[in-house]
1. Computing the accessible area with a 1.4 Å probe over protein heavy atoms, can you report the carbon and sulfur percentage for region 445-592?
2. Taking θ = phi - 60°, what integer Hz values does the Karplus form 6.51 cos²θ - 1.76 cosθ + 1.60 yield along region 526-531, in sequence order, with x for Gly and Pro?
3. Students often get this wrong, so check it: of Lys203/Lys577; Lys151/Lys203; Lys151/Lys454, which have C-alpha atoms separated by over 25 Å?
4. Summarise the accessible area of region 35-154 (1.4 Å probe, protein heavy atoms) by the percent that is carbon and sulfur.
5. Between Thr174 and His278, what is 0.36 nm times their sequence separation minus the Cα-Cα distance? Round to one decimal in nm.
6. Where only protein heavy atoms count, and the probe is 1.4 Å, what is the accessible area per residue for the chain in Å²?
7. Explain nothing, just compute: Karplus ³J(HN,Hα) = 6.51 cos²θ - 1.76 cosθ + 1.60, θ = phi - 60°, for every residue of region 240-248 in order, whole Hz, x for Gly and Pro.
8. Residues with beta-carbon under 12 Å from that of Arg409, excluding Arg409: net charge, scoring Lys, Arg +1 and Asp, Glu -1?
Amino acid sequence: MLLKRTHGAGTLRAEHEGQTVTLSGWVRKRRDQGGVIFIDLWDRSGLVQTVFDSSECPAAHAVADQCRGEFVLAVQGLVRLRPAGTQNDKLDTGAVEVRAISAEILNPSKTPPFQLTDERISEEIRLEHRYIDLRRPQMQANLKLRHQVVKACRDTLDSLGFWEVETPCLIRSTPEGARDYVVPSRLYAGKFYALPQSPQLFKQMLQVSGVERYFQIARCFRDEDARADRQPEFTQIDLEMSFVEQEDVFAVVERVISAMWAAAGVELETPFPRLSHHEALDRFGSDKPDMRFGMELKDLGDIFADSELRVFQNALASGGRIRGIAAPGCAGYSRKQIDDLTQLARRFGAGGLVSILVESSGYRSSIQRYLTQEQVDRICERLSAGPGDLILIVADRASVVSEALNRLRLHLGQALGLIDSTSWKFAWILDFPLFEADDSGALSPSHHPFSHPKNPRDVELLETAPTEVIGSVYDLAVNGVEMGSGSIRVHDPRLQLKILELIGISEEKAWERFGFLLHALSYGAPPHGGIALGVDRIVQMLAGEQTIRDVIAFPKTASGIDLMLDCPSELDAAQLKELHLDVVLPAADDPA
Ligand code: ASP
């Protein structure tokens, strides 16, 4: 390399006029006008026009003549103001150009598989050639933003006395929640490591070790079924603190989140509002409510207490709910539009949807003959609705009513343009039940089995009414997205055994699977708690990207494939043998 870079291509301005500079970068665009060749030279700092004039500098022109798209080129030249009328306002460097004195091709390039200036390249091609895709300005901006946001997080935690500690990636398989990815051991035939679903137990043990304030930008792995915007590996800001209550965790996280948003140029107001899990479901039908708009859910059960409508009677008799929302200005909705809303409600479990179109002269409803004007008036009052509005009611099991109305609310919020896409509405969601029960009554932890019951009364309820136990468990939600979750942890080994037993892990099994944790808790574990925040999602939201893949340098597809590496892939026979593995493929007709 003869020419050594002195400036970034994107940094040149009018004030550099008259300077001799050396640039190195990629040929983004080349226009040959006979004796003069123009090359837009790009590097990470931006792009500038370089000019190779055969009458000024025939040697440099000869080099430019050989250049093609994405060749790597070094250019030494003189910065000149562009001639009047040829400035380019769209470019930061648009006032100047660099007139080449000498040039050197550092490496040629094959013709790229897509035009880097093209906005509509298929994602498959982009992912297969990710190293080129990442040269596009949008992807460069995302990588840079991610760096800045994560750095702000690190710096803030450092300033608050947190230590960054790495925890292992090869660990013991302790499946709960999602499936583990496992790694066969060559040295120990028939034995396996697992990749961590999160550093949860390590960060707890670091508290036993007296680290007091731990964090890690941690890679986590979960072998779940593919879902559109989920990755098999993802990054969390994982943190844990000793001698704290949940408010102490919130205060730290509010500082961290504010710094991360500030790094992206957004100022946030803290503290974030706190909503109990119960209140969130009650008002929004969701434990990650989008609070950028109203349309809150209201209970209408009392208004329909004497209704003759069978669905209402059944819902109330079986302990279900009748609840509704009001969509402003939608009283003119057509039959087809109401049918579409009904389909949406059905998709999320509702048996049907009751609609009332409120007009100044009365109302029209799908249950016209079961309604009285007085009932409609009371509903309108409760929902703050009036003529011109559309009321939607679902009667069913409480969870179905919440989910269906939540989906309708989100859909209508979007469709009616009620959501201010520039605003950030954070909320802490608190007081989750410690357990969820399935239809058979079997309990599973609402988050994970290491969370502490909230109050002494909740500890007592473990014995008598575990489904009523509230946990010191919290989520951070923003704009309808769950951004993180955490809890105050169990630090008493007997209580930990009790909670494991309630979710069906006997004492013997508990010692077998979590013996290291139970031992650690027995040797002076301080009270502690923490949280994990999803980095990929945070950067995606800050970048305004539609998919999480656009803020991950080398993501997998929605179906978990790495198109660049072409994996998962097979192992050859020698490798399998060394790992003591036999592969049994499912038969063609076996659904597994
Ligand atoms: N380990 C939990 C998770 O990954 C978060 C936490 O409780 O800190 O979801």
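The values are calculated or read from the model by the stated rules, or taken from the named source; none is laboratory data. A quick note: this is a predicted structure, and the numbers were derived from the prediction, not measured. All Cβ positions, even for glycine, are placed from backbone atoms using ideal geometry, and neighbour counts span all protein chains on display. We work out accessible area using only protein heavy atoms, side chains counted, and drop any ligands, DNA or RNA first. Shrake-Rupley method; radii C 1.70, N 1.55, O 1.52, S 1.80 Å.
1. Numbers: 3950 of 7350 Å².
Taking all protein chains in place, region 445-592 shows 54 percent carbon and sulfur surface.
2. With coefficients 6.51, -1.76 and 1.60, one gets x, x, 7, x, x, 6 Hz.
3. On the way: Lys203/Lys577 36 Å; Lys151/Lys203 21 Å; Lys151/Lys454 34 Å.
Violating the 25 Å Cα-Cα cut-off are Lys203/Lys577; Lys151/Lys454.
4. On the way: 3090 of 6090 Å².
Reported share for carbon and sulfur atoms: 51 percent.
5. Values: separation 104, 0.36 × 104 = 37.44 nm, distance 3.09 nm.
So the extension gain works out to 34.4 nm.
6. Working: 29860 Å² over 592 residues.
Accessible area per residue, the chain: 50 Å².
7. Result, ordered by residue: 8, 9, 9, 6, 10, 10, 4, 4, 5 Hz.
8. On the way: positive: Arg283, Arg292, Lys298, Arg323, Arg407; negative: Asp290, Glu296, Glu403.
Combined, the nearby Lys, Arg, Asp and Glu give +2.
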